[in-house]
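To start, the structure under review is shown below, and the notes come after it.
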Amino acid sequence: MRYLGWKRGPKWGYYVEGANVDREKVVSDAKELLSRAKKGDVWTAPNGIKHIPIVVDNAVVGKLWKDVDLKDLEVGNYWAAKFGVNVELVKDKEVVGMLYFAL
């Protein structure tokens, strides 16, 4: 059995080397999660970037950097991370947020 260790990933996160995640499952799970989601309270980081939490059942499952309608988002790239899957949220070919969930 090949060892699947943690490696450095995008934005100083981690990804699982050699992990295969089915795109159809990621897309369907992300859309289902977004259908139940609502936006949390907007806050601005010291560097001026706005953060809008994506909340499902009082748990933060992602964040937006632009105030867009959750129904207009598409699933972009994704990768297997330390505790699940990180998914880019895209609107008009621009990444406007991230979604995090376990498969």
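Observations, loosely collected:
- Accessible surface ranking for W79, W43, 1.4 angstrom probe, highest first: W43, W79.
- Kirkwood hydrodynamic radius (C-alpha pairs) into Stokes-Einstein, region 49-103, 37 °C and 0.692 mPa s, D in µm²/s: 287 µm²/s
- Going by accessible surface with a 1.4 Å probe and the largest first, F101, F83 read F83, F101.
- Remark: spin-label model distance T44-V60 equals 1.8 nm, labels positioned 7 Å along the Cα→Cβ axis.
- Full extension of the chain segment joining S28 with K71 gains 14.1 nm, where the gain is 0.36 nm per residue of separation less the Cα-Cα distance.
The values are calculated or read from the model by the stated rules, or taken from the named source; none is laboratory data. Here the structure is a predicted model, which means the values were calculated and not measured. Here Cβ is always computed from backbone atoms with ideal geometry, including for glycine, and neighbour counts include all displayed protein chains. These area figures cover heavy atoms from the full protein model, side chains too; ligands, DNA and RNA do not enter into them. Shrake-Rupley method; radii C 1.70, N 1.55, O 1.52, S 1.80 Å.
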